């Protein structure tokens, strides 16, 4: 999995690409830790290039959510592909994560 | 039977003494709403003595975008039964904007009673273009009509109407109208109206004074601030409250603090007093002012003024300002009061929404409640906020066996989201739950965990007698998507159950399990055509070269879609591996296969096929010739031909 980071209006946008499974853990955790260390608290994850999420991938995401929340931060996801959205629906994580259709929508809501 | 005969028959049926017959007739009539006669009948049916039938008619009419609906409904705006009248108003609010001309015409023609409701309906559209229709009635003889117009103009908040409002304030002797117009001018005017409104600050009439302060606060111009200071000391308490609120508003607009010269405790005291006013609007203004100006802690004190009925308004108004700080106020409210279950549910969910983690005391207070709504909200809070400790685990073990399905469902969610492995047995037990939502939540939780123990238990289920359970198990294993499940999925490719074979190959495809290709190959000869197609796409995506001759053999399959998918995906194996086969298809008579191949050709792989494409450009099948010509255009652009 590749993770690129951009910053827009104080929101850290993580462009993810590839498969979100156990192998993605180190990379994604390190990226989030680095941002938190620098004081970043608002995260928006771009899922447009993520074509697969396994159970461990979901666990990674939830642990990141808890980590960010502990720092009084917020995290949201956007642009979920149909299969990935299905996985979120099956596990009902749609109720745990804020999920948006687009980057603009996500930024607007996170900035409120 | 002609339509006209059917309608006559239905007209008779509408007179039936049986409400059920009339209901069915109304439903029948809804099939003919393009007929004005039918609309007339339906509008008349609003008078039905059965409330359910009246509602049914209203919902049909509200979706009937015909001018006749508006025309026939207008007389009902003065119907003797207020229920029917309200239905007519509500239908017109829903569809009237499409037929504004009819409403405007009626506004001119009809009596004052109907006029009043039409203005109310036009106001509801909140369209600035309609201000022109409203302004005509600003000098109407009936003060109720003028009042409705002012209200509509204030809601529009457009500057163009301000001169007319000013004229009205100058002209009218009606105090209530003057007050309403002053308020509206605050919403529609600009700083050029400050001097005009200022005169009312020194009026003997405290009501006029109050509305002028309110309006000047809305205008937000700082040159009125000194006048506010001047009148403050001798003003009534309620006027003082409004001055403070307006000074905060003006300060906000000008990025300044005009309350500096007041003692902060005094301001706080005044605003808290404002909370005691009966007028909910003043109360909300005061809360807003407190939030804007004061430390949030002061909000706790405001709670004593907020009744259970007002709490939803309170939080909805303030929530947008600072979710986290509002949360601590809500928490105290929940702890201090005895509240109905729906308010507790609403407030706890709100705390969860703002990710407020400090809710242990709330869980303690409400954990013994028997109210399903409260149990649901506590479960949701524990799950979503991840409040996991001995106490909450104990609650979850109780809730997962609760008699209410929804509580069990949310408990399952909470267990999954927090990876509470010790509840795996309870989750598997829920797979037999009578409620589908509960079963789905349990599967979701188990999929989320997806560990060895869970995988083994799902594999055990594959040996179950129950086919549905087997399907659920294979589905779950697919969702889990870790390498440990690959051997089980591969084995399931030869299951006698079609659904299991299909789900297995789909899961292996998603997992990109290229090592399973040889086993998937057998599915190209499956008895099920859809499975053949999924296997074809999967193997082509895997670029599994040994599959090529098998996919080629599918080009002679009896099912045309199997042939099409085989042709459509062949190119994915790589042009160099399938070039000759592709040429053979393009030269064949199988038009669907030709089309499949053409649709798969990408920019980078036109070249080997240009000669044959040139032959196909005049193909008798227009879909083929069109696609070929599009490709040839692109070839031309790239200088290939």
Helix B:467-480 axis, angle to chain B major axis (alpha carbon atoms, nearest 10°): 80 degrees
Contact order normalised by length for segment B:190-294, with contacts defined as Cα pairs under 8 Å and 6 or more residues apart; what percent is it? 22 percent
Along Cα→Cβ, 7 Å out, is where each label goes; now give me the distance between the ones at residue A:30 and residue B:634 in nm to one decimal. 3.9 nm
Calculated FRET value between residue B:120 and residue B:32, using beta carbons and R₀ = 25 Å, to 0.05: 0.20
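How many Cβ atoms of partner chains, on average, are near each residue of B:106-117 if near means within 10 Å of its Cβ?
0
Which value at 222 nm does the protein assembly as shown reach when only helices count, each DSSP H run of 4 or more adding -39,500 (n - 2.57), with the total divided by all residues and rounded to the nearest 500 deg cm²/dmol?
Numbers: 44 runs with 477 residues, N = 753.
Calculated mean residue ellipticity at 222 nm is -19000 deg cm²/dmol.
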How large is log10 of I(q)/I(0) for segment B:190-294 at q = 0.13, 0.18, 0.25 Å⁻¹ when the intensity is taken from the Debye formula with one equal scatterer per alpha-carbon? -0.40, -0.80, -1.58
Over its Cα atoms, what ratio of radius of gyration to 2.2 N^0.38 Å does segment B:54-143 give? 1.04
In degrees from 0 to 90, rounded to the nearest 10, what is the angle of the helix B:3-13 Cα long axis to the longest principal axis of chain B? 60 degrees
What are the semi-axes of the equivalent ellipsoid of segment A:2-111, taken as the square roots of 5 times the eigenvalues of the Cα gyration tensor, listed largest first and rounded to whole Å? 19, 16, 13
Rounded to 5, the percent of DSSP beta bridges in the protein assembly as shown classed as antiparallel: 30 percent
Per residue of A:52-60, other chain Cβ atoms within 10 Å number on average 6
Per-residue average of Cβ from other chains inside 10 Å of B:382-390: 2
Using Cα centres only, tell me the gap between segment B:478-501 and segment A:42-74 in whole Å. 28 Å
At R0 = 35 Å, how high is the FRET efficiency between residue B:421 and residue B:512 if r is their beta carbon distance? Nearest 0.05 is fine. 0.80
Counting every Cα pair in segment B:549-641, what percent are over 20 Å apart? 30 percent
Return the equivalent ellipsoid semi-axes of chain B as a descending list in whole Å, where each equals the square root of 5 times an eigenvalue of the C-alpha gyration tensor. 63, 40, 30
Could you tell me what fraction of 2.2 N^0.38 Å the Cα radius of gyration of segment B:587-641 comes to, as a two-decimal ratio? 1.03
Would you mind getting the Kirkwood hydrodynamic radius of segment B:403-477 from its Cα pairs, rounded to one decimal in Å? 12.1 Å
Chain B, relative contact order in percent, only Cα pairs under 8 angstrom and at least six apart counted: 4 percent
Under 8 Å for C-alpha pairs, at least 6 residues apart: give me the relative contact order for chain A, rounded to a whole percent. 26 percent
Measure out, as a whole number of angstrom, how far apart the alpha-carbon centroids of segment B:527-574 and segment B:45-68 sit. 55 Å
Could you tell me the center-to-center distance, by alpha carbons, between segment B:150-187 and segment B:406-442 in angstrom? 59 Å
Computed FRET value (nearest 0.05) for residue B:583 with residue A:83, which takes r as the C-beta separation and R₀ as 35 Å: 0.50
Principal axes of the protein assembly as shown: Cα extent on each, largest first, Å: 99, 74, 67
Take the alpha-carbon positions of segment B:186-244, form their convex hull, and give its projected area averaged over all directions (one quarter of the hull surface) in nm². 3.5 nm²
Between helix B:280-293 and chain B, what is the angle of the helix's C-alpha long axis to the longest principal axis, kept within 0 to 90° and rounded to the nearest 10? 70 degrees
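A short reminder: the numbers here are calculations on the coordinates, not readings from a lab. The structure presented is a predicted model; accordingly, all values stated were derived computationally and were not measured. When we count neighbours, we look across all protein chains shown, and the Cβ atoms used for this are built from the backbone with ideal geometry, even at glycine.
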